[in-house]
Structures are given as structure tokens and as C-alpha cells.
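Scroll down for the structure; my scribbles are underneath it.
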């Protein structure tokens, strides 16, 4: 009767689990990076560009104050 060596089995299992966790982490991080770059591109294309946004905000506040005859 032959005895199978089962000493390597836990190491193989741990190695497979470690590899699977690394692959999962890589996929999750790539999804997060993709979403963040999409959000960044959206803000770059929108009206939220530094000085332009501040000028528009200041004009809007002035119009509101003039409407209520405060400013």
C-alpha cells in the first residue's frame, strides 16, 4: 500500500488562494482607477475650470443680489 504525501497540499492551496486574491485585488483596483479617471475627465470637460468657474459664480451671486436689490 502506497502512502500519498499530503505535506505539499496545504502549500499548494495557500499558493492558489494567494494568486486568486492578487488577481481579484488587481481587478478591483483597475475598476477603481477607471472610474476615477472617468470622473476626472468629466470634471476637466465641465465648467469646473478654476477661474472660469469663479467668474461665473461671482456673476450669478451678483445677479441674485441685484434681483433682491441688496448689491
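Structure notes:
- Being touching a helix residue (DSSP H, G or I) at 6+ places or on another chain (Cβ under 7 Å) and either surrounded by 10 or more Cβ atoms within 10 Å (Cβ to Cβ) or at pLDDT below 85 (or both) holds for only one residue in 19, 8, 71, and it is 71.
- Contact annotation: residue pairs with Cβ atoms under 8 Å, 6 or more positions apart or on different chains, pairing a residue in region 42-56 that is surrounded by 10 or more Cβ atoms within 10 Å (Cβ to Cβ) with a partner that is at pLDDT below 70, are 53/47; 56/47.
The values are calculated or read from the model by the stated rules, or taken from the named source; none is laboratory data. In this text, all values refer to a predicted model and were calculated from it rather than measured experimentally. Here Cβ is always computed from backbone atoms with ideal geometry, including for glycine, and neighbour counts include all displayed protein chains.
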